[in-house]
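Report on one structure; see the data block that follows.
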Ligand code: ASP
């Protein structure tokens with residue numbers, strides 16, 4: 001069968017007249033590079049798990065997105081990184097939250113899945129685990145870029161209220177390989193000015209990240225608190241397993257539920273049939289998809305693909 005890869009670089013208030021063209025170009029180039037990395041693996045018959053990790057790593061390294069290098073900052077001025085990965089074949093999953101020194105959070109999540117008896121590892125002990133697994137460690141400064149510092153200062157100047165106003169830049173990837181297995185990965189710096197050890201939906205299996213060969217692989221971006229309460233990833237997968245909805249219908253229903261909880265955001269999903277869908281409730285979402293011989297990169301609100 002054909003393979004499918006869908007990725008996102010977060011959603012937000014991007015509009016053609018408001019987003020600086022160079023920022024759009026940077027994001028589009030980053031999405032294209034991530035499609036190249038994940039698509040090459042899938043085209044060679046590789047696994048969806050390897051593909052989503054490879055695509056996520058490219059986006060983590062790209063400062064255009066709020067994940068890895070270029071992550072948003074906590075109220076204390078640190079980068080604290082969350083990531084998760086899940087294998088639809090067996091529902092094995094790994095996640096990390098509150099990392100401060102591990103360069104590739106998504107690979108730390110994969111190491112947690114493959115080399116620990118646990119699913120979710122947090123804070124400095126998670127960094128120590130990643131280090132022991134041979135994953136590169138950097139200083140926290142390495143993740144920081146001036147733009148994020150300025151964003152934090154603006155939020156703090158306006159009272160330090162967590163930035164929930166549509167500046168999400170989390171990255172995610174979902175894929176279906178030629179064997180019909182699905183996988184999902186998500187990585188993020190979370191929300192600007194987050195505090196008290198806040199952890200969002202991205203590293204929570206079933207909320208921001210989920211994959212199950214019986215239904216779908218899902219990655220979310222948006223106001224994490226709402227996606228956690230909606231258990232968005234699992235809800236989408238459950239609808240696919242237990243109802244007659246198409247993937248797009250299930251995705252739209254979950255987004256409507258997120259909105260009913262006061263959230264905004266977006267979702268990408270693939271089914272083991274290779275069917276793909278995306279949707280978002282913000283003006284734009286950095287997103288892209290590829291299959292053998294086809295590729296699409298989009299930013300603004302255009303008719304969703306079905
Ligand atoms: N969902 C992420 C979180 O709440 C934020 C984002 O999508 O940018 O941590």
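The values are calculated or read from the model by the stated rules, or taken from the named source; none is laboratory data. Bear in mind the structure is a predicted one, so any value in this text is a computation, not a measurement. All Cβ positions, glycine included, derive from the backbone under ideal geometry; neighbour counts span all protein chains shown.
Observations
- From 287, 295, residue being part of a strand (DSSP E or B), away from the ligand (no atom under 16 Å from the Cβ) and touching a residue at least 40 places away in the same chain (Cβ under 8 Å): 295
- Odd one out for residue 132 among (1) buried (at least 17 other Cβ atoms within 10 Å of the Cβ); (2) at pLDDT 95 or above: (1)
- Residue tally, condition touching a residue at least 60 places away in the same chain (Cβ under 8 Å), in a helix (DSSP H, G or I) and under 15 Å from residue 217 (Cβ atoms), over segment 35-52: 6
- Search result, residues across segment 148-168 that are at pLDDT 75 or above, touching a strand residue (DSSP E or B) at 6+ places or on another chain (Cβ under 9 Å) and not in a loop (DSSP other than H, G, I, E, B): 151
- The set of residues in segment 260-279 that are touching a residue at least 24 places away in the same chain (Cβ under 8 Å), more than 17 Å from residue 211 (Cα to Cα) and surrounded by fewer than 24 Cβ atoms within 10 Å (Cβ to Cβ) comprises 261, 262, 263, 264, 279.
- Residues that are out of contact with any helix residue (DSSP H, G or I) (no Cβ under 8 Å at 6 or more places or on another chain) and assigned to a strand (DSSP E or B) were ranked within segment 5-34; the one that is nearest to the ligand (Cβ to nearest atom) is 10.
- Of all residues in segment 65-76 being surrounded by 24 or more Cβ atoms within 10 Å (Cβ to Cβ) and away from the ligand (no atom under 11 Å from the Cβ), the one that is farthest from the chain's Cα centre (by Cα): 73
- Flag if residue 303 is more than 24 Å from residue 190 (Cα to Cα) and at pLDDT 95 or above: no
- Check on residue 279, within 16 Å of the ligand (Cβ to nearest atom), within 23 Å of residue 202 (Cα to Cα) and in a strand (DSSP E or B): yes
- Failed item in (1) under 15 Å from the mean Cα position of the chain (by Cα); (2) under 20 Å from residue 136 (Cβ atoms), with residue 37 passing the rest: (1)
- Strands (runs of 3 or more DSSP E) enclosed by segment 65-134 - at least 3 residues per element that are within 12 Å of residue 190 (Cα to Cα) and touching a helix residue (DSSP H, G or I) at 6+ places or on another chain (Cβ under 8 Å): 81-87, 92-99
- Residue match in segment 89-99 (condition: over 30 Å from residue 241 (Cα atoms) and surrounded by fewer than 24 Cβ atoms within 10 Å (Cβ to Cβ)): yes
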